[in-house]
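Only one structure is covered here, and it is reproduced in the block below.
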Amino acid sequence: MGTEDCELSAKQLCMVVNAEGVLAMPDVAAPEGYALRRYRRGDEGSLAGTLQAVGFRDCGVDRVLETLADADRRAGSAVVEFEGQIVASTFASRMSSDRVSPVTRMPGEPLREGVLDYVATHPDHQGRGLGRATCTAVSRYLVGQGCAMVSLLTDDWRLAAIHLYLSMGFEPVMNRDDMPERWARVRAELERQGNADA
């Protein structure tokens, strides 16, 4: 890739899994006391709180409602409820209609690439498999809607999330000149933390 491509590409890390990989993902049940379900009207307040708690600072109730105006995001939502509060979420979206993936920045067929959006687990509820449950549910929804692949964006420092995605079968996309070095650093840090299987 040239310099121009690097400037246009997303600065976040990109990961993808094909439909076969999604179908091979094992079933994930929510732990006792937690309920995995779709978004429902009235979830906005606690959903916004969870999104803000993990770093989506601009995701107040109005932004959540705006985001969920998209039919795929509503129908392909997966949230986890605990004692009446939404404590984890993942939403479905699709590749842009301009035939260029918003994630990989590569050309493709519109709507054949599903995208995981707003993957979040409230810090008080992390480590219970809630992210795996919501990501699996949304990935399966997207493949069921005809998507040939599912992609996501993440940050280099979100090592626990990256380890989860790798364990689910997502693979790095080298869509910028700096990606091989960045991924090498991420993998080295995961190995240092005892996650050599990533």
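The values are calculated or read from the model by the stated rules, or taken from the named source; none is laboratory data. Not measured: the values here are computed from a predicted model. As a convention, Cβ positions derive from the backbone with ideal geometry for all residues, glycine included, and neighbour counts pool all protein chains shown. Only protein heavy atoms, including side chains, enter the accessible area calculation; ligands, DNA and RNA are left aside. Shrake-Rupley method; radii C 1.70, N 1.55, O 1.52, S 1.80 Å.
Remarks
- Within the range 50-74, considering residues that are of a type in the set (Gly, Ala, Ser) and part of a loop (DSSP other than H, G, I, E, B), the one most open to solvent (accessible area, probe 1.4 Å): 69
- Note on the range 12-27: residues that are assigned to a loop (DSSP other than H, G, I, E, B), of a type in the set (A, V, I, L, M, F, W, C) and open to solvent by 40 Å² or more (accessible area, probe 1.4 Å) total 1.
- Test: residue in the range 75-87 that is more than 20 Å from residue 164 (Cβ to Cβ), at pLDDT 95 or above and open to solvent by less than 20 Å² (accessible area, probe 1.4 Å): no
- Single unsatisfied condition, residue 163 versus (1) of a type outside the set (Asp, Glu); (2) open to solvent by 50 Å² or more (accessible area, probe 1.4 Å); (3) without any contact (Cβ under 8 Å) to a residue 60 or more places away in the chain: (2)
- Boolean, residue 192 is under 30 Å from residue 37 (Cα atoms), open to solvent by 20 Å² or more (accessible area, probe 1.4 Å), free of Cβ contacts under 8 Å to residues at least 60 places away in the same chain and among the basic types (Lys, Arg): no
- Consider the range 141-160 and keep the residues that are out of contact with any helix residue (DSSP H, G or I) (no Cβ under 8 Å at 6 or more places or on another chain) and in a strand (DSSP E or B). The one that is surrounded by the fewest Cβ atoms within 10 Å (Cβ to Cβ) is 153.
- For the range 105-140, filtered to residues that are among the aliphatic types (A, V, I, L, M) and assigned to a loop (DSSP other than H, G, I, E, B), the residue that is modelled with the highest pLDDT is 106.
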